[in-house]
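Working notes for the structure below.
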């Protein structure tokens, strides 16, 4: 019975943490769309702030929040979540986040523009071009 209790506690704690990261990531996305900044971020970086200013010329909102990192070559497994924002002209911007040592704070690991190509050549899959302030991910394409 004790083993069942321990397993339940571990699973419950893991689910609670996942929900916390999801909720914080969504709030960060909402704040970025509203003000191009978030008090939950340790540092936003001038590259992302500039990109958001350009992106938010058209009305925008949080399209989705995903747990975990983006597949390689954009992601490297370090992000705990990704926020995807979209605007009224069809633009989409992805932002990779990592939780800080202070659990209520997050770091921006990078961001990228998401575009959809027309036609059946790529099956409608997104083509992503990295627009990241970190040198290791700059210029990546997939």
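The values are calculated or read from the model by the stated rules, or taken from the named source; none is laboratory data. Bear in mind that the values here come from a model prediction, so they are computed numbers and not experimental data. So basically every Cβ, Gly included, is an ideal-geometry build from the backbone, and we count neighbours across all protein chains shown.
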(message) Show me the strands (runs of 3 or more DSSP E) entirely contained within segment 57-142 in which 2 or more residues are modelled with pLDDT of 95 or more.
(response) 60-67, 81-87, 92-99, 106-116
(request) Please name all residue pairs, on different chains or six or more residues apart, with Cβ atoms under 7 Å, provided the first residue is in segment 95-120 and is loosely packed, with under 12 Cβ neighbours inside 10 Å and the second residue is modelled with pLDDT of 95 or more and not in a strand (DSSP E or B). (result) 104/40
(message) Please pick out the residue among 68, 75 that is surrounded by 15 or more Cβ atoms within 10 Å (Cβ to Cβ), free of Cβ contacts under 8 Å to residues at least 40 places away in the same chain and within 24 Å of residue 19 (Cα to Cα).
(response) 75
